[in-house]
Structures are given as C-alpha cells and as structure tokens.
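Scroll down for the structure; my scribbles are underneath it.
The values are calculated or read from the model by the stated rules, or taken from the named source; none is laboratory data. Keep in mind it's a predicted model, so treat the numbers as computed, not measured. Quick reminder, even Gly has a Cβ in these numbers, built from the backbone with ideal geometry, and neighbours come from all protein chains shown.
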Amino acid sequence: MNDPIPIPALLTGLQLTDSAFPSGYYTLSHGLEGFQQARAVTPSSLPALLHDLLRHSVGPADATALALAHRAVTADDWDEVVAVEQRLHATKLGREARQAAVRTGRQLLDLADEVYGTAPIERYRGLYRDGAVRGCQPVVAAVVHAGNGLPVRQAVTCELFAFAASFVGAAMRLRLTDHRRAQVVLHGAAPVIEETVDAALDRELPDIGGCVPVADVMAGRHERAEARLFAS
Amino acid sequence: MHDPMQARHHHHDHDELMRRPKDGVLRVGVAGPVGSGKTALIEALVPLLIERGRTPAVITNDIFTTEDAAHVRRTLAGILEADRIVGVETGACPHTAVRDDPTMNQAAADELLERFPEVDTLLFESGGDNLTLTFSPALVDLFLFVLDTAEGDKMPRKRGPGITECELLVINKVDIAPYVRCDLAVMESDAHRVRDGRPVVLTNSLTGEGLGTIADFLLSHEAAQETASA
C-alpha cells in the first residue's frame, strides 16, 4: 500500500497537535474573548467567526508563513526562513498576537530541542542566539515539522487544527458553546481548514498577512480590558 | 510549634530527571485556595527576602489577570519596582498554567530574567483554587501551600496533593481562629499527621508572625539542594 506519510512523522504531528502538548495555547482565545466582551459573538455565530478567522487571519498569516518556512527549511534556504518570520511578525498588528506568537514560539523551540533535537531545530536556535529571528510560533512549528519529516501539507493542517481546537476550547470556557457542540463546531470547520490549507500552500512571501479589521479592533480593546481570562 | 527547619528539606526524593536544571535562580510556587492569603503572604515575604540579601520578582496567575499583580504593586510600592511584578493570563485554567502546561509562566520568567538578570528569587502565585493543585517541578524548585483557619480545621484532613505534596504547608490567619470556630491545635496536629511530620508553619501575614520562618526555610532549602548537587 502506498503510504505517503511515514508513521513516525505522523506521530510527531499528532503529538504536537494534541491538547496535552504544552503549547500554551489554552491561555489564548485567538481574539474570541474580545468579541465576547463586546457581545459581538453568540453561540450561533461562533462557527462563522471561526471560519472567518481561518480564511482571513490565520490562513493568510500563520498558515502561509508556516508553509513558506517549511519549504525553505526543506530547501535549506535559511535566509528565506528569516525573511518569512520578519514579514509575519511585521504583519501582526496587535500587541497580544505578536507577544503570544513569540512567547509560545520560544517555549516550543526550547521544548522541541529536548524532545526531537533535529538538525533544523539546532540551526534555527543558532539564528535565534544570533538575534536573526525572534522565535515566532508558526515559523518554529515549520522548523519542527520539517525536521520531523512531516510533509508541508500535513504540517499546515496540523497547525490549523490545533488553532481550531484551541479556539473551541476557549469558546467552551467563555460559555459560547458546550463540550458536545464544540466537537460539532470543530468538525464543521474541517472543509474550511482544507480550503485554508490549499490557499496557504499557493501563496508567496509578499502575500503573508491577514486582513481582519474588526478582529484587530477587538484585539485592541482586549488589551485594555479591565478583566481578562485569556492572553489574546 | 513544630519547627520546619528540623524537618526534611526534600521529602519527594525526586529523581534527578524531575529536577529543574540549576540556573542560580530560586523558583518558589505559592498555592492555596482563593482567599487563604497567598497575596498577603507574598507581600509580607518579599521585604524579608530582600532583608536576607535576595533580589526577588513576582509572577501572579489570576483568574482575571492583573488584579492580584496590581494589589501586590500597590502594597510593595517603594520596596519592589512595579516592573518586577507581572501577571500571567491563565485562560481560565490556573491549575494548567502552573502544573500541566507552564509554558506561559516559563515565558514570563524568561522575560523577567532577561530584563532583570540580577533577580535570584522568583515567586509564582497560583490562582488555583482547590486542594489538588501542585506546581510542575519543571517550573519551581519547591512550593508552599497556604490554608487559612477560616476554611475550617477540617481542611488538612481532606488531604489532597496540594496539602500533602508541598514542601511547606502554611496555616495562615491564626489570629482569627477563635472567631471562626477553628480549633488551631487540631488543625495543626492533623496537618502534621497527614504530612507525615513534614514541615508546617503557622502564620499571620498581617503581623509577620511565622514569615521569617518561611523566608529561612526557602533559603535553607536552596542551600540543601546546592549541597546535594555539588
């Protein structure tokens, strides 16, 4: 039987996507708490918000950067890896999103070195020590997945699934869904994730960056909220 | 009163693999139910640590983020720079933030130490609110668990990993025990019993009673670990 994904690589993808993996994602609502505080999302509009964020925010920004960085690592083009990360960081308008990307990325880098210890991780750590990169999570994830031999398409799918799972988890804690509906919402996002993966794989370096003005406004308000449960 | 200094310093006998790599920074977790006095204890402890030559910083994990950090900042104004006290959002999962996935606490610690490399003592306050809370050994060197008399003298008997696993159990607010029908002698003896003789300290954070013992315990714990790893 023709199996395009080696089982060991698939297992690393599952491990990195599992909610038990210490990614720090459970502290992020990916903008949802800002919408909730503004009463701009309801249980019925929750799936649409997730789909919009996938298509217009995470897809063009993080997923695209991940795809480009993965290809660059595979091609041993580290200048391109640096360029991808610089552009991704520059296009993240909100402080919370930038900070979250760097905090989770640095910790992933540190942990992945201990868990997987691949040559690309070591190379990226060298760039980090030299100050050439910041440790943005999508780019670190690309380095880790590429080093583990997980193909780019599956790597992007894994990260978008992790985002969607984290989003519905936050929705549950914000009482915008329950544990059963959350799984319906998550499965309902599958076609959008597939569409978003395909679009991310088609983009080039200058295309990196989402366009979600309302979400940016909500994120700005969230930064100044008196009370928050989530870091984004 | 039982003397914590006479008790074993590291009852877990953690395998070497379970110990956080040494980097010269003492990391201390402060856990306990909501309202037991964790924040007041930290506010009283920081000046004592400074008196003992330490350079502390504080990371608070709160349900609604900056509330505790702001309180500590106000109380410690003039003693500890506001920038050395940071709040970590826990995504409504304070237990996860210090036990299962301390990623964001580690990130906050890394950033604090990058900005203030002279810091040698980090206090992590947890917003975890039940008796099962423990700290990841990857995040802290040891942790305190703070109970208070108003919760009732039954609390130690409920056990829970927080009470039985912590390096030092604190029974706080000893001054109000008579007013909340708490038999302090029962609470203390039960605490010793469920902890198999490991250290317990009685405190009143508002008068400072017992706080010096905690500060000395933390520093002697560190010294014991350094000796063990030498």
Quick count over the range B:118-153, residues being over 11 Å from the mean Cα position of the chain (by Cα) and closer than 20 Å to B:L219 by Cβ, is 6
Scanning the range B:98-108 residue by residue, the ones that are within 11 Å of another protein chain (Cβ to nearest Cβ), assigned to a helix (DSSP H, G or I) and either over 22 Å from B:T55 (Cβ atoms) or touching a Phe, Trp or Tyr at 6+ places or on another chain (Cβ under 8 Å) (or both) total 3
Of the candidates A:A20, A:A69, the one satisfying the condition of being closer than 27 Å to A:P120 by Cα and at pLDDT 95 or above is A:A69
Suppose the filter is buried (at least 17 other Cβ atoms within 10 Å of the Cβ), without any contact (Cβ under 8 Å) to a residue 60 or more places away in the chain and part of a loop (DSSP other than H, G, I, E, B); does A:G131 pass it? no
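Can you pull out every residue in the range A:197-232 that is basic (K, R) and within 17 Å of the chain's Cα centre (by Cα)?
Restricting attention to the range A:197-232, the residues satisfying the condition of being basic (K, R) are A:203, A:221, A:224, A:228.
Across the range A:197-232, the qualifying residue is only A:R203.
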When the range A:10-43 is checked residue by residue, the ones that are in a loop (DSSP other than H, G, I, E, B), small (G, A, S) and crowded, with 22+ Cβ neighbours inside 10 Å are A:S23, A:G24, A:S29, A:G31
Of the candidates A:H70, A:H56, A:H89, the one satisfying the condition of being under 13 Å from A:E204 (Cα atoms) and away from chain B (no Cβ under 14 Å) is A:H70
When (1) within 14 Å of chain A (Cβ to nearest Cβ); (2) farther than 29 Å from A:R129 by Cβ are applied to B:L113, the one that fails is (2)
Being more than 9 Å from chain A (Cβ to nearest Cβ), under 15 Å from the mean Cα position of the chain (by Cα) and not in a loop (DSSP other than H, G, I, E, B) is the requirement here; does B:H95 meet it? yes
When every residue in the range B:58-86 that is within 11 Å of another protein chain (Cβ to nearest Cβ) and either surrounded by fewer than 21 Cβ atoms within 10 Å (Cβ to Cβ) or under 16 Å from the mean Cα position of the chain (by Cα) (or both) is compared, the one modelled with the highest pLDDT is B:N61
Of the conditions (1) aliphatic (A, V, I, L, M); (2) touching a Ser or Thr at 6+ places or on another chain (Cβ under 8 Å); (3) farther than 16 Å from A:D76 by Cα, the single one that A:L201 does not satisfy is (2)
Touching a Phe, Trp or Tyr at 6+ places or on another chain (Cβ under 8 Å), within 30 Å of A:R71 (Cβ to Cβ), outside any loop (DSSP other than H, G, I, E, B) and not charged (D, E, K, R) - does that describe any residue in the range A:188-197? yes
Original post:
In this structure, does B:P161 turn out to be at pLDDT below 95 and surrounded by fewer than 21 Cβ atoms within 10 Å (Cβ to Cβ)?
Top reply: yes
Do we have any residue at all in the range B:49-57 that's of a type in the set (D, E), within 14 Å of another protein chain (Cβ to nearest Cβ) and part of a helix (DSSP H, G or I)?
no
A careful count of residues in the range B:32-53 that are closer than 28 Å to B:T149 by Cβ, at pLDDT 95 or above and not hydrophobic (A, V, I, L, M, F, W, C) gives 3
Review point. Do we find a residue being in a helix (DSSP H, G or I) and within 14 Å of chain B (Cβ to nearest Cβ) anywhere in the range A:204-219?
Key: yes
Conditions (1) more than 13 Å from chain B (Cβ to nearest Cβ); (2) crowded, with 21+ Cβ neighbours inside 10 Å -> A:L176 fails only (1)
Do we have A:A38 as more than 17 Å from A:G188 (Cα to Cα), of a type in the set (A, V, I, L, M, F, W, C) and within 14 Å of chain B (Cβ to nearest Cβ) here? no
Out of (1) modelled with pLDDT of 95 or more; (2) closer than 27 Å to A:R173 by Cβ; (3) surrounded by fewer than 20 Cβ atoms within 10 Å (Cβ to Cβ), the one B:G29 does not meet is (3)
Note: among A:A142, A:A162, A:A182, just one is part of a helix (DSSP H, G or I), touching a Leu at 6+ places or on another chain (Cβ under 6 Å) and not β-branched (V, I, T), namely A:A142
